[in-house]
1. Which residues, counting only those in segment A:134-143, are more than 18 Å from A:Pro91 (Cα to Cα) and surrounded by fewer than 19 Cβ atoms within 10 Å (Cβ to Cβ)?
2. Filter segment A:61-88 for residues that are open to solvent by 10 Å² or more (accessible area, probe 1.4 Å) and more than 7 Å from chain B (Cβ to nearest Cβ); which is nearest to A:Asp129 (Cα to Cα)?
3. Checking A:Lys97 against (1) touching a Leu at 6+ places or on another chain (Cβ under 9 Å); (2) over 24 Å from B:Glu70 (Cβ atoms); (3) charged (D, E, K, R): exactly one of these is not met. Which one?
4. Under the condition of being open to solvent by 20 Å² or more (accessible area, probe 1.4 Å) and touching a strand residue (DSSP E or B) at 6+ places or on another chain (Cβ under 7 Å), which residue from segment B:85-95 is farthest from A:Arg19 (Cα to Cα)?
5. Kindly indicate the residue of segment B:156-178 that is touching a helix residue (DSSP H, G or I) at 6+ places or on another chain (Cβ under 7 Å) and not β-branched (Val, Ile, Thr) and also surrounded by the fewest Cβ atoms within 10 Å (Cβ to Cβ) among those meeting that condition.
6. Let me confirm something: among B:Lys15, B:Lys96, B:Lys29, B:Lys45, which residue is among the charged types (D, E, K, R) and within 19 Å of A:Phe73 (Cβ to Cβ)?
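The values are calculated or read from the model by the stated rules, or taken from the named source; none is laboratory data. Source: prediction; values computed, not measured. Backbone-built Cβ (ideal geometry, glycine too); neighbour counts: all protein chains shown. Surface areas here come from the heavy atoms of the whole protein model, side chains and all, with no ligands, DNA or RNA. Shrake-Rupley method; radii C 1.70, N 1.55, O 1.52, S 1.80 Å.
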Amino acid sequence: MSACKEDDPRIDGIQSRIRVVPNFPKPGIMFQDITTLLLDPKAFKDTIDLFVERYKGKNITAVAGIEARGFIFGPPIALAIGAKFVPLRKPKKLPGKVFREEYDLEYGSDCLEMHVGAVESGERALVVDDLIATGGTLCAAMNLLERAGAEVVECACVIEIPDLKGSDRLKGKPLFVLVESQ
Amino acid sequence: MFAAENGLKGDPRLKGISDSITVVPHFPKPGIMFQDITTLVSNPKAFKDTIDIFVDRYRDMDISVVAGVEARGFMFAPTIALAIGAKFIPLRKPGKLPGEVISEAYELEYGKDRLEMHVGAVQRGERALVIDDLVATGGTLSAATRLLERVGAEVVECACVIGLPEVKGRCRLGGKPLYMLVEPRQ
């Protein structure tokens, strides 16, 4: 189950700025493009404000963002709530010692990495990405944080595709989204 | 030009920012002293100071576009854009941006790569910044500048947290001003 902010007046503006691009990256996929949201300073600010209002004062010490679109939303949230930003990256991008988590794709598998020492045991963390689909990437992200001993408080995304039931793959942790899409 | 030569000489925030960067020798290959900014973004004070310095510099310059280079530029540019009321434009590796894009090639040490930008994201005459974590040869920033200029934007400045020795002593890159906060750590 996910929590969604349908009742807030800022949501309409945010939803209207998201552009759907058919058949990208392959036929049959209706791609939810957030770059048009980023072109509207008020809508982008409202997006960040909605997350910050939810998480400020909740003792969150780490905001993990998934490469690359999670890098757009994660840092402004982290800075506003006084938390560290932790980039979760594709393989071989982070130098030094890393935790590595593999996860399944529709065809094949992919991999997410986090620095060893990025979070300490007992830290309270969020995972941020632009969108949750099947939940596979978010689940891998949560595993990385938990392997380092952090507590994942919540996953936060701008968009959810509810039909794909990604919220069921979050190991019982809550999901917070601003917009639901078909 | 470096921040210390341009109004911020002795600013204690610059030392804090420099100290928060980790040097990783021989990454991604032997001989490279990699400047790792993940320890900077993991340090709330250093990260905030970094953003504040850029925001203070650009807030009154009538900038309406802040372009960030994938992926580490994405960690800095959006917050700067939000603080100065500008739009954020991601400049991405090929095939990542959906819809219509323009593309610009640039040289790597071995081979070439390409940077893409959405058509219609930027209007003619808009004043733009380009942000990345680090500038080495300037190839990527030059490609970014060309993309923006092709659609008629005016690139006011390119800005990076770290400036490598190849650009030391230079105030301009491809005809555009270049602003950097710190030199690489040894």
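1. The one that is more than 18 Å from A:Pro91 (Cα to Cα) and surrounded by fewer than 19 Cβ atoms within 10 Å (Cβ to Cβ): A:Thr134.
2. The extreme case among them is A:Arg69.
3. Tallying (1) touching a Leu at 6+ places or on another chain (Cβ under 9 Å); (2) over 24 Å from B:Glu70 (Cβ atoms); (3) charged (D, E, K, R), A:Lys97 fails exactly one: (1).
4. Result: B:Pro94.
5. B:Gly174
6. B:Lys96
Per-residue answers, yes or no, for (1) facing chain A (nearest Cβ under 10 Å); (2) under 15 Å from the mean Cα position of the chain (by Cα); (3) within 16 Å of B:Val182 (Cβ to Cβ):
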site: B:Gly31; (1), (2), (3): no, no, no
site: B:Phe34; (1), (2), (3): yes, no, yes
site: B:Ser42; (1), (2), (3): yes, no, no
site: B:Lys48; (1), (2), (3): yes, no, yes
site: B:Ile53; (1), (2), (3): no, yes, yes
site: B:Met61; (1), (2), (3): no, no, no
site: B:Glu70; (1), (2), (3): yes, yes, no
site: B:Gly73; (1), (2), (3): yes, yes, no
site: B:Phe76; (1), (2), (3): yes, yes, yes
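Table: residues versus (1) in a strand (DSSP E or B); (2) open to solvent by less than 20 Å² (accessible area, probe 1.4 Å); (3) among the polar types (S, T, N, Q).
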site: A:Val128; (1), (2), (3): yes, yes, no
site: A:Leu145; (1), (2), (3): no, yes, no
site: A:Glu154; (1), (2), (3): yes, yes, no
site: A:Lys171; (1), (2), (3): no, no, no
site: A:Leu178; (1), (2), (3): yes, yes, no
